[in-house]
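Below is one structure; the comments refer to it alone.
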Amino acid sequence: MKARISAFVQKWLSLPILTVAAVVLGAVVGALTAFFGQVLLAVSAVRDANPLYWIPGLALIGIAIVLGYKKFGKGTERGMDMVFGVAHGKENEIPLRMIPMVAVSTWLTHLFGGSAGREGVAIQIGATLGHNISKKIPVENAGKILLIAGMAAGFAGLFQTPLAAIALALEVLLVGYLNLSALLPATVAAFTAYKVSEMLGLEKFSVDLATLFPDWKVAGLLWNETGLNIQFVLKLALLGVLFGIVGGGFAKLLSLAKKLAANKLPNAVKRIAFVGIAISLLLLLFWQGRYAGLGTNLIDFCFANGAAVGTTIFASDWILKFALTIATIAVGFKGGEVTPLFAIGATFGAWVATMVGVPLPLAAALGYAAVFGGATNTLLAPIFIGAEIFGFDTLPAFFIVCVAAFVCNGGQSIYAQKKLRLK
């Protein structure tokens, strides 16, 4: 009888049970990411108001982060690598202490000027909760499904882009494969987290290109009276190739930088202290913190009225943000890479816009999404994030550019992905 009941549950009730669990998971993750995001914005504002007070202390806070992980969060310092290890079945546990450790260490990293992101925290919050909730659910494969749903919820709650979050969670673990068994729970969790986060006051970044720049429309650039504008399509494809190279290059250099830092400075405290001092000096040297934190200031510059390279945007913006983010993450500061990748992509797109012959705001928007896609080795997520941030009328342009970026990123990723090998 017990076996029959178990078989009945697995066949008929597993999906409803997982979907209900996904609603609860999404609500909790949405609340936590809203709180995390609002505190992060507050500490970033404090730093921006007085950069000379905070940025010089980056090395000291780095030492505190390393020592804190050794005392209170041993094992969880691996962050996203641990999440991917559990997802791939190589590890069995994601301890709940990961959540407060990564949140607090990310706040401190940003308060003292580290060039880092925030998506790592959101995904780790969601994955950790999803993994631990699954232990209470007697459904086959619940662990992996709710881990994926939690990842989608974390990204959607923080960035408020549920379609991109669902796509990222489904495609990021295994290149070339969508884990559709988690589709419904991931969708439910992502939209629930998005709505809860929105209700709790976390603001979404969005730019309506059609309203901001009414003199041109993406559809009008792609199609004219003779049909599809092949010349403009080729320009978009060229942009995609460049964005794929930048994104893939970022992922590759980040991996090399982590190995180099670990080999040259095997002591984690000395590593984060010495490099932290260098990062502080560079952040202060380059316009007193222009490249500190998330990089949202650089993104805003790209979409301001009258934005132009040489005035509001510098040709060096993307490369300096690129280098400082790699240095920050490689030595052990926390947060993630995605928001800096948005900034790198937007400023790089603005820089090459004139050379390629694409309007600057459109090139910046395309770079925002496609460099992220190139660095994460994903295709659907950057297409959707571009449409959700910049308007769905831009979707055809994002499709062309993100396909080219995905093909030309060299198979690199900032995450510990598996590759699907076709026989």
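Within the range 147-175, the residues that satisfy the criterion of being more than 14 Å from the chain's Cα centre (by Cα) and crowded, with 24+ Cβ neighbours inside 10 Å are L147, I148, A149, G150, L170.
Residue count for the range 66-87 satisfying the condition of being open to solvent by less than 10 Å² (accessible area, probe 1.4 Å) and of a type in the set (V, I, T): 2. Can you work out which of the residues in the range 88-102 that are open to solvent by 10 Å² or more (accessible area, probe 1.4 Å), part of a helix (DSSP H, G or I) and of a type in the set (A, V, I, L, M) is farthest from L168 (Cα to Cα)? So the residue we want is M101. Would you be able to say whether some residue in the range 292-306 is at pLDDT 95 or above and over 24 Å from F398 (Cβ atoms)? Yes: the range 292-306 contains one or more residues that are at pLDDT 95 or above and over 24 Å from F398 (Cβ atoms).
Determine if the range 128-146 includes at least one residue that is open to solvent by less than 10 Å² (accessible area, probe 1.4 Å), under 18 Å from the mean Cα position of the chain (by Cα) and hydrophobic (A, V, I, L, M, F, W, C). Within the range 128-146, not a single residue is open to solvent by less than 10 Å² (accessible area, probe 1.4 Å), under 18 Å from the mean Cα position of the chain (by Cα) and hydrophobic (A, V, I, L, M, F, W, C). Of the residues making up the range 317-338, just one is over 24 Å from R271 (Cα atoms) and touching a residue at least 40 places away in the same chain (Cβ under 8 Å), namely W318. Condition check: open to solvent by 10 Å² or more (accessible area, probe 1.4 Å), assigned to a loop (DSSP other than H, G, I, E, B) and either of a type in the set (V, I, T) or closer than 21 Å to A346 by Cα (or both). Does V207 satisfy that? Answer is yes for this residue. Confirm whether T296 is open to solvent by 40 Å² or more (accessible area, probe 1.4 Å), hydroxyl-bearing (S, T, Y) and touching a residue at least 40 places away in the same chain (Cβ under 8 Å). Spelling it out, T296 is indeed open to solvent by 40 Å² or more (accessible area, probe 1.4 Å), hydroxyl-bearing (S, T, Y) and touching a residue at least 40 places away in the same chain (Cβ under 8 Å).
Among the residues of the range 232-267, the one identified as over 15 Å from F322 (Cα atoms), in contact with a Cys (Cβ under 9 Å, 6 or more places away or on another chain) and crowded, with 23+ Cβ neighbours inside 10 Å is G240. Here the condition is being closer than 18 Å to G113 by Cβ and either among the polar types (S, T, N, Q) or out of contact with any strand residue (DSSP E or B) (no Cβ under 8 Å at 6 or more places or on another chain) (or both); of L298, L253, L284, L260, it holds for L284 alone.
For the range 116-125, check the following and say yes or no: at least one residue is open to solvent by 10 Å² or more (accessible area, probe 1.4 Å), touching an Asp or Glu at 6+ places or on another chain (Cβ under 8 Å), closer than 28 Å to G73 by Cα and not aliphatic (A, V, I, L, M). Within the range 116-125, none of the residues are open to solvent by 10 Å² or more (accessible area, probe 1.4 Å), touching an Asp or Glu at 6+ places or on another chain (Cβ under 8 Å), closer than 28 Å to G73 by Cα and not aliphatic (A, V, I, L, M). Restricting the range 367-396 to residues that are closer than 14 Å to L239 by Cβ and modelled with pLDDT under 95, the residue that is least open to solvent (accessible area, probe 1.4 Å) is T394. Looking across the range 90-120, the residues that are touching a Leu at 6+ places or on another chain (Cβ under 9 Å) and closer than 20 Å to F155 by Cβ come down to I94, L96, I99, A103, T106, W107, T109, H110, A116, G117, R118, E119. Against the numbered list (1) of a type in the set (G, A, S); (2) surrounded by fewer than 23 Cβ atoms within 10 Å (Cβ to Cβ); (3) in a helix (DSSP H, G or I), G411 comes up short only at (3).
Evaluated against (1) within 22 Å of P340 (Cα to Cα); (2) within 22 Å of the chain's Cα centre (by Cα); (3) loosely packed, with under 14 Cβ neighbours inside 10 Å, L40 falls short on exactly one condition, (3). Of all residue pairs spaced 6 or more apart or on separate chains, those with beta-carbon atoms under 7 Å, a first member in the range 115-133 that is over 11 Å from L146 (Cβ atoms) and a second member that is hydroxyl-bearing (S, T, Y) and outside any helix (DSSP H, G or I) are S115/Y291.
Which one of L108, L178 is surrounded by fewer than 23 Cβ atoms within 10 Å (Cβ to Cβ), hydrophobic (A, V, I, L, M, F, W, C) and within 20 Å of G386 (Cβ to Cβ)?
Result of the check over L108, L178: L178.
Of all residues in the range 222-231, those satisfying the criterion of being open to solvent by less than 50 Å² (accessible area, probe 1.4 Å) and without any contact (Cβ under 8 Å) to a residue 60 or more places away in the chain are G227, N229.
The values are calculated or read from the model by the stated rules, or taken from the named source; none is laboratory data. Just so it is clear, the model here is predicted, and its values are computed rather than measured. Quick reminder, even Gly has a Cβ in these numbers, built from the backbone with ideal geometry, and neighbours come from all protein chains shown. Side chains are part of the model used for accessible areas, which takes the heavy atoms of the whole protein and leaves out ligands, DNA and RNA. Shrake-Rupley method; radii C 1.70, N 1.55, O 1.52, S 1.80 Å.
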